[in-house]
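Shown next, in structure tokens, is the structure this report addresses.
The values are calculated or read from the model by the stated rules, or taken from the named source; none is laboratory data. Treat the numbers as computed from the prediction; the structure is a model and nothing was measured. Using ideal geometry, Cβ is built from the backbone for each residue, glycine included, and neighbour counts are taken over all protein chains shown.
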Amino acid sequence: MQKRIDFIREIINKDMEEGRYAKVHTRFPPEPNGYLHIGHAKAICLNFEIAKEYQGKCNLRFDDTNPTKEEEEYVLAIKKDIGWLGYDWEDREYYASNYFEKLYEMAIELINKGKAYVCELTADQIREYRGTLTEPGNESPYRDRSVDENLTLFKKMRDGEYPDGTMVLRAKIDMASPNLNMRDPVIYRILHTSHHRTGDKWCIYPTYDWAHGQSDSIEGITHSICTLEFQDHRPLYNWFIEELGIHHSRQIEFARLNLTYTVMSKRMLLTLVENNYVDGWDDPRMPTLSGMRKRGYPSAAIRKFCVNIGVAKTESIVDIEFLEHFVREELNRTAERRMAVLNPLKVVIINYPEGQEEELEAINNPEDASAGTRKIPFSNVIYIEKDDFMENPIPKFYRLSLNREVRLRYAYFIKCVDIIKDENGEITELRCIYDPATKGGDAPDGRKVKATLHWVSEKHSITGEIRLYDRLFIKENPLAVPEGGDFTMNLNTDSLKTIKNCRIEPSLANPKPGIVFQFERLGYFCVAFDTKNNHPVFIRTATLKDEWERIQKRKK
């Protein structure tokens with residue numbers, strides 16, 4: 001992976017030159033309360049690639065401090081996604097819950113230093129006392145409790161003597177600070193809720209702000225790389241570390257990834273899942289890594305995309321076509337070619353002997369000679385796409401029409417000589433003749449044709465189901481809605497079209513799920529499996545046309 005110098009690496013370079021740290025040690029710290037999405041992929045690549053570049057290490061740590069929203073399902077999904085992206089945390093899989101006892105002891109230390117107190121204000125009162133951006137906050141009436149009283153109350157909180165919401169432990173910092181995060185933040189709250197790893201051992205849980213920096217310190221993290229929304233939390237992150245006198249990790253913030261036609265909020269993604277707008281977290285229309293994997297996006301393309309967008313200090317929106325550009329680039333290089341007909345039109349070649357069959361040689365991947373070739377069967381009855389025939393062709397329509405000759409991919413030249421219609425005037429069949437001298441696609445007399453069509457043999461092809469996925473939203477910014485509306489107003493009602501009677505070449509009779517093929521002239525398709533109907537389906541990963549360059553020209 002190409003090394004890129006950006007402001008984060010400049011900071012790390014300076015730290016290493018000054019001897020602040022001996023080795024670079026990063027971490028990726030997901031909260032196990034949802035599935036990872038493409039925005040997380042940027043953070044994953046950044047942390048693991050930086051560790052690799054500096055011959056350091058990268059930990060995987062689950063910040064599991066909120067048992068009301070966390071599940072083991074999410075833990076397993078996150079691990080699968082990171083491994084699929086190509087990264088290995090080796091034996092460094094950690095959880096904030098591993099440190100609950102240590103974090104509790106650190107809280108006791110703050111109380112003993114007179115830097116934390118038990119507060120009995122309600123959540124609403126704490127918000128009210130907090131003040132605003134322009135007005136200082138008011139001190140809690142419980143702020144001056146003695147150390148002994150705070151120690152006693154905090155122990156009773158841990159022992160489960162108080163109901164949820166009746167008490168919290170707060171850091172004692174500065175209620176007049178211009179940074180609202182420093183106005184006596186809550187560091188422990190009472191939650192009589194079972195934790196997916198610790199069970200019912202705890203009924204008080206640390207807040208994210210309290211657990212995050214200390215967990216980094218415990219693990220010896222040198223550079224805590226996070227997104228911009230944590231920038232205002234950095235003074236608090238540093239304050240806890242300095243008050244406790246522990247290993248000081250450096251927090252660095254970068255702009256999160258935003259994509260056009262996409263939402264990244266976990267809350268919004270959960271809404272899509274729970275309200276059945278999509279078929280689960282791994283729906284191929286979702287920006288989740290599991291959805292992209294199911295759609296057939298190569299992990300190498302996602303890694304390359306994340307490297308090429310770089311890191312910045314200001315928020316911006318990346319065109320989704322840029323991601324699709326890397327998907328196509330990777331699949332063009334790696335995907336084997338096959339032929340499939342989505343909307344079949346029957347073609348009878350009247351001068352090809354009935355009952356005769358032959359096998360034609362087809363290239364698996366013109367970009368990769370090592371992929372070799374395959375045999376495809378040919379007979380006197382084939383299928384082509386309905387759109388590849390026009391009875392009364394419009395200008396610049398070069399495909400098949402009456403008395404016009406075209407090339408069949410890997411096969412022969414054919415010419416349409418007759419059209420068969422049903423009682424409604426719909427074309428149901430074409431009668432064609434072929435030129436046996438053009439086998440392989442070239443005429444010995446040098447004559448040229450203007451179109452090459454894909455096809456399949458009627459007798460040998462298989463029937464398949466194809467799902468054409470499109471963007472989930474119709475607007476570049478799905479959040480652009482009228483007052484009182486919500487993002488679901490911009491959902492694309494045509495984001496999935498299913499075609500059940502496609503005809504596919506026989507080499508895909510027993511396809512392996514997860515493999516992506518290029519259906520010639522149609523796009524890239526990933527093999528999936530319909531568990532409800534017990535048969536394979538082909539999911540469109542991407543069309544063949546790359547819109548990235550066109551969009552860049554339009555913007556200029």
Regarding region 300-310, can at least one residue be identified that is among the aliphatic types (A, V, I, L, M), part of a helix (DSSP H, G or I), out of contact with any strand residue (DSSP E or B) (no Cβ under 7 Å at 6 or more places or on another chain) and surrounded by fewer than 19 Cβ atoms within 10 Å (Cβ to Cβ)?
yes
Any residue that is in a loop (DSSP other than H, G, I, E, B), among the basic types (Lys, Arg) and farther than 27 Å from LEU496 by Cα - is there at least one of those in region 285-298?
no
Of these, HIS247, HIS223, HIS212, which one is in contact with a Ser or Thr (Cβ under 9 Å, 6 or more places away or on another chain), farther than 20 Å from MET167 by Cβ and surrounded by fewer than 20 Cβ atoms within 10 Å (Cβ to Cβ)?
HIS247
Selected residue [within 30 Å of SER316 (Cα to Cα) and of a type in the set (D, E, K, R)] from GLU135, GLU229, GLU161, GLU219:
GLU229
With ILE82, ILE108, ILE50 as the choices, which residue is assigned to a helix (DSSP H, G or I) and either among the charged types (D, E, K, R) or over 29 Å from GLU243 (Cβ atoms) (or both)?
ILE82
Please verify whether ASP184 is farther than 20 Å from ILE204 by Cα, assigned by TED's automatic domain parsing to the domain that holds GLN231 and part of a loop (DSSP other than H, G, I, E, B), treating the condition exactly as stated.
no
When you look at VAL318, is it buried (at least 20 other Cβ atoms within 10 Å of the Cβ), at pLDDT 95 or above, β-branched (Val, Ile, Thr) and farther than 30 Å from TYR104 by Cα, yes or no?
no
Residues to consider are GLU109, GLU139, GLU135, GLU128; find the one that is among the charged types (D, E, K, R), more than 25 Å from CYS203 (Cα to Cα) and touching a helix residue (DSSP H, G or I) at 6+ places or on another chain (Cβ under 9 Å).
GLU139
LEU270 vs. criteria touching a Ser or Thr at 6+ places or on another chain (Cβ under 9 Å), in a helix (DSSP H, G or I) and not acidic (Asp, Glu)
no
Of the conditions (1) surrounded by 20 or more Cβ atoms within 10 Å (Cβ to Cβ); (2) out of contact with any Ser or Thr (no Cβ under 8 Å at 6 or more places or on another chain); (3) free of Cβ contacts under 8 Å to residues at least 40 places away in the same chain, THR288 fails just one. Which one is it?
(3)
Does at least one position in region 203-215 carry a residue that is assigned to a loop (DSSP other than H, G, I, E, B) and over 32 Å from the mean Cα position of the chain (by Cα)?
yes
Only one of ASN501, ASN492 is of a type in the set (S, T, N, Q), at pLDDT below 95 and not assigned by TED's automatic domain parsing to the domain that holds GLU391, namely ASN501
Going by the conditions given, is GLY114 touching a Gly at 6+ places or on another chain (Cβ under 6 Å) and free of Cβ contacts under 8 Å to residues at least 60 places away in the same chain?
no
